[in-house]
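S.K.: First, the structure itself, so that you have it in front of you.
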Amino acid sequence: MKIIEKSLELGNEQAKRTLSFQTGKLAKAATIAVLGRMGDTSLLVTIVAGAEREDLDYFPLQVEYAEKLYAGGIIKGSRWVKREGRPSDEAVLTGRLIDRSI
């Protein structure tokens, strides 16, 4: 796969906010990965796609949404369970909102 690095910045000095998109720098094993930034907020979107299958009469799509604790201002302490569990109800509902909008 050829890696293409592109960057796009939108905004002006009066708004004091810059929206930037980068592709080709992170998640190189994915089919495509886009990193969006606005201020201190970052969003990484990755897509992994396989070959098209003609025998399917539906669009197979899986959305996984995960907000990292440090992104929400929470720092793990020793009382937290260190292993992965099932996603929270809020994460499942947010994933469904993303899925339905696509």
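The values are calculated or read from the model by the stated rules, or taken from the named source; none is laboratory data. These numbers come from a predicted model, not from an experiment. Note: ideal-geometry Cβ built from the backbone for every residue, glycine included; neighbour counts use all protein chains shown.
S.K.: Inspect segment 34-41 for any residue being under 12 Å from the mean Cα position of the chain (by Cα), closer than 20 Å to Ala66 by Cα and either modelled with pLDDT under 80 or not in a strand (DSSP E or B) (or both) and give the result as yes or no.
M.R.: no
S.K.: Specify which of the listed residues (Ala91, Ala71, Ala51, Ala66) is in contact with a strand residue (DSSP E or B) (Cβ under 9 Å, 6 or more places away or on another chain) and either under 28 Å from Arg37 (Cα atoms) or at pLDDT 80 or above (or both).
M.R.: Answer to the check: Ala71.
S.K.: Criterion first (at pLDDT 80 or above and loosely packed, with under 11 Cβ neighbours inside 10 Å) does Glu5 satisfy it?
M.R.: Values: at pLDDT 80 or above: no; loosely packed, with under 11 Cβ neighbours inside 10 Å: yes.
Against the criterion (at pLDDT 80 or above and loosely packed, with under 11 Cβ neighbours inside 10 Å), Glu5 does not qualify.
S.K.: Would you say Pro60 is part of a loop (DSSP other than H, G, I, E, B), at pLDDT 70 or above and either surrounded by fewer than 10 Cβ atoms within 10 Å (Cβ to Cβ) or acidic (Asp, Glu) (or both)? I'd like the intermediate steps shown before the answer.
M.R.: Working: part of a loop (DSSP other than H, G, I, E, B): yes; at pLDDT 70 or above: yes; either surrounded by fewer than 10 Cβ atoms within 10 Å (Cβ to Cβ) or acidic (Asp, Glu) (or both): yes.
When the stated conditions are applied, Pro60 passes them.
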